[in-house]
Structure formats: structure tokens, C-alpha cells
Amino acid sequence: MRIRIIAIGRMRDASLEGIIERYRVRLPWTLEVVELQPRGRHVGMEAEAALIEAKLEPGHEVIALDERGRDLSSREFAAHVSRVVDDGVPTLDFIIGGADGLTPRLRHRAGRLLAFGRATWPHMLVRAMLVEQLYRASTIISGHPYHRD
């Protein structure tokens, strides 16, 4: 399976890039981070949504990271990823909007809305958290002792 994180904005923090890379190389799946940079000074959510939508392909499972989403435990998240793998979905796309979030149209397009708790997180940190949770999910699925309840 291939996993893509499709996100608005460019990562400019070497320490967060290092965290992402640490978990990316451990994943049993291919991970691609697609960074989208809207042009112009006052680009809004609609322009960001258009950039994200242009990257989405038919047949991919789409999960939107959104504060309105469901807060899953690591085991619940792993179970969902496992179902996607078992269903033979070729690519799992996670979408992360800009500072103002995602449009209702993109939230509706996603098969699932996922939140990392009720707190607001910086979008770049969410990427690192997501990659760690993907690694954790892979260890739960494989029975590796990384995750402890």
C-alpha cells in the first residue's frame, strides 16, 4: 500500500523533518509527502482546496485531518488502516489544510474525518504526529511490542 500526506504549506523545520523521516523509513508502506503551496498573498481556503483536489485520484481512500473529526485511539486507527490494506485499496491519502482548515467540500469528499484530540495543533506538527501514528499502527497490526496499552 502507498500512503500520501497531501498538505498545504512547505516544511521548513529541520527537527520536524527529522522526526518524519525517522518514522517514514520504518514504515512497511511507501510514504510520500505532497506539499502544496498556493500562490499569492491572500490565498483562501477555496484555492487551497483546488490544489488538494487536483491531487486526489479515484480509488484512493481519503482521510481528512480536521478538528471536527473523530478522535481515534491508536488501536482504532490501526484497525482502520488494517481494513484499508485488507480491502486492497492502492493508496491511502491523508489531507491537511492550511491555517484556516479545509472547505466543507473537501471534508465531505473524505471518507473519514480524523482529529488528534480537541486541542489545536500546528499543521506542521500534525504531519509528524500522523507519521508516528502510521508507524504505531503498523506495529499494532504486526504484533510488534512498540505500542503499549
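The values are calculated or read from the model by the stated rules, or taken from the named source; none is laboratory data. Note that this is a predicted model, so its numbers are computed, not measured. Heads up, the Cβs are rebuilt from the backbone with ideal geometry, glycines too, and the neighbour counts pull from every protein chain shown. Heavy atoms of the whole protein, side chains included, go into the accessibility calculation; ligands, DNA and RNA do not. Shrake-Rupley method; radii C 1.70, N 1.55, O 1.52, S 1.80 Å.
See the values below:
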{"item": "Count of the stretch 33-43 residues which are under 13 Å from GLY97 (Cα atoms) and modelled with pLDDT under 90", "result": "2"}
{"item": "Subset tally (residues that are among the hydrophobic types (A, V, I, L, M, F, W, C), free of Cβ contacts under 8 Å to residues at least 60 places away in the same chain and in contact with a helix residue (DSSP H, G or I) (Cβ under 8 Å, 6 or more places away or on another chain)) for the stretch 7-56", "result": "5"}
{"item": "Selection from the stretch 1-20 of residues that are surrounded by 14 or more Cβ atoms within 10 Å (Cβ to Cβ), of a type outside the set (Gly, Ala, Ser) and under 30 Å from ASP87 (Cα atoms)", "result": "MET1, ILE3, ARG4, ILE5, ILE6, ILE8, ILE19, ILE20"}
{"item": "Residue check, GLY44 of a type in the set (Gly, Ala, Ser) and on the phi > 0 side of the Ramachandran plot", "result": "no"}
{"item": "Any pair with Cβ under 9 angstrom, 6 or more apart, that starts in the stretch 131-149 at a residue that is closer than 17 Å to GLU21 by Cα and of a type in the set (Phe, Trp, Tyr) and ends at one that is open to solvent by 60 Å² or more (accessible area, probe 1.4 Å) and part of a helix (DSSP H, G or I)", "result": "TYR135/ARG22; TYR135/ARG24"}
{"item": "Number of positions in the stretch 83-99 that are part of a loop (DSSP other than H, G, I, E, B) and either buried (at least 16 other Cβ atoms within 10 Å of the Cβ) or among the polar types (S, T, N, Q) (or both)", "result": "2"}
{"item": "Residue within the stretch 30-45 that is over 20 Å from VAL126 (Cβ atoms), within 14 Å of the chain's Cα centre (by Cα) and open to solvent by 60 Å² or more (accessible area, probe 1.4 Å) present", "result": "yes"}
{"item": "Of residues in the stretch 46-57 being out of contact with any Leu (no Cβ under 8 Å at 6 or more places or on another chain) and open to solvent by 30 Å² or more (accessible area, probe 1.4 Å), the one nearest to GLY111 (Cα to Cα)", "result": "GLU57"}
{"item": "Search result, residues across the stretch 112-129 that are out of contact with any helix residue (DSSP H, G or I) (no Cβ under 9 Å at 6 or more places or on another chain) and open to solvent by less than 10 Å² (accessible area, probe 1.4 Å)", "result": "ALA115"}
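The rows are residues; the columns are (1) of a type in the set (D, E, K, R); (2) at pLDDT 95 or above; (3) under 23 Å from GLN37 (Cα atoms); (4) surrounded by 17 or more Cβ atoms within 10 Å (Cβ to Cβ).
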{"position": "GLY59", "(1), (2), (3), (4)": "no, no, no, no"}
{"position": "ILE63", "(1), (2), (3), (4)": "no, yes, yes, yes"}
{"position": "PHE77", "(1), (2), (3), (4)": "no, yes, no, yes"}
{"position": "VAL81", "(1), (2), (3), (4)": "no, yes, no, yes"}
{"position": "LEU134", "(1), (2), (3), (4)": "no, yes, no, yes"}
{"position": "ARG148", "(1), (2), (3), (4)": "yes, no, no, no"}
